Amino acid sequence: MDVEHWRIGGILLGMGTREKITISHLHAWKRERKKIPVITCYDYSTARMVVDAGIDVILVGDTYAEVCLGFDSTISATIDLMLVPTAAVRRGAPQAFLIGDMPFMSYQVSNAEAVVNAGRFMTEGGCDCVKLEVDRRFESCVRAITRASIPVMAHLGLRPQSIHQMGGYRYQGKTADEAERLMEDARIMAGAGASALLLEAVTNEVAAAISEETTLPVIGCISGPACDGQVLVLHDVLGYSTEHKPGAVKTYASLGDTVTHALKDYAADIRNQVYPTQKQGRAMSAGESEKLARKDGPRSPSRR
Ligand code: KIV
């Protein structure tokens, strides 16, 4: 594709030489067996860094509720909460393939509500696709959203929004029966029009079988090496936390420690009057400062 400009949310964006990534790219990468790195992201500045790092596919996951807002599960995410970071990430990454994460209760009530809410992710969030945590019971919902021309990523396996029904954060597809059920769910989602699959905490064998069988790009999340791409939570990858991470997550930095040390240094500088110095402020011109001294002498603290 040779696109110089791309229109998103009514704004014509100058793209320079960088291509807008679309669902066609994901399908081509699947055919060409090119692995697809995907990362979650929740703000404008980090989105720019994600793009600079050459990552073209971004998920504004409902893990936002946990890692940024401090809730203890993703069930606390609402559509209004999710749309703000989603639109911010789009502003930081205009060319990326942006996946919006439909939160708990935004698609479970009725297909009509699901279509309206998916539409908000496209129009207000600037998304290219919406992700829903599903099994076969959501076939008609996925069909309704895709009929509205909104690409769907079907999230199968561990579905954290259903944690109360699933009874815990556990690997899925551990028995032959469970495996067959998951594989059939993947077929049903493809038949309903899904454009991509995400497999969270699915056993290696089942993830491999689904990825081999389907023509859809399959993004894995702690589901072994066979998927077409991988997604992880940004804070886990960067070590931007002091909390426990699942064992299957690889951490590439310790930003939590780096940030804490930097903030300690900053606080010490303020307390010890090392920063700011006169040089790090702006002085008046000699003439003006003399004029001020003649007028009313140095300012008393009460007048500052
Ligand atoms: O919300 C999220 O971040 C996710 C990933 C963990 C796959 O769904």
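The values are calculated or read from the model by the stated rules, or taken from the named source; none is laboratory data. The shown structure was predicted, so the numbers you read here are calculated from the model rather than taken from an experiment. Ideal geometry is used to build each Cβ from the backbone, glycine not excepted, and the neighbour counts take in all protein chains shown. Just the protein is used for accessible areas: all its heavy atoms, side chains included, with ligands, DNA and RNA removed. Shrake-Rupley method; radii C 1.70, N 1.55, O 1.52, S 1.80 Å.
Scanning region 201-215 for residues that are in contact with a helix residue (DSSP H, G or I) (Cβ under 8 Å, 6 or more places away or on another chain) and open to solvent by 30 Å² or more (accessible area, probe 1.4 Å) returns Glu205, Ala209, Glu213, Thr215. Per this entry, Ser254 is not counted among residues that are of a type in the set (Ser, Thr, Tyr) and under 17 Å from His27 (Cα atoms).
If I filter region 2-18 for residues that are of a type in the set (Gly, Ala, Ser) and at pLDDT 95 or above, do I get at least one hit? No: region 2-18 contains no residue that is of a type in the set (Gly, Ala, Ser) and at pLDDT 95 or above.
Output the residues belonging to region 48-82 that are away from the ligand (no atom under 15 Å from the Cβ) and in contact with a strand residue (DSSP E or B) (Cβ under 9 Å, 6 or more places away or on another chain). Matches in region 48-82: Val51, Ala53, Gly54, Asp56.
Checking the stated criteria, Ser211 turns out to be more than 12 Å from the ligand (Cβ to nearest atom) and under 26 Å from Glu32 (Cβ atoms). Applying the criterion of being surrounded by fewer than 23 Cβ atoms within 10 Å (Cβ to Cβ) and within 30 Å of Ser45 (Cα to Cα) to the residues of region 98-114, the residue that is farthest from the ligand (Cβ to nearest atom) is Met105. Here Ser241 meets the list (1) at pLDDT 95 or above; (2) more than 30 Å from Ala208 (Cβ to Cβ) almost entirely, failing just condition (1).
Summed over region 19-47, residues that are acidic (Asp, Glu) and either within 19 Å of Glu200 (Cβ to Cβ) or within 16 Å of the ligand (Cβ to nearest atom) (or both) total 1. Considering (1) farther than 27 Å from His27 by Cβ; (2) not in a helix (DSSP H, G or I), the lone condition that Gln165 does not fulfil carries the number (2).
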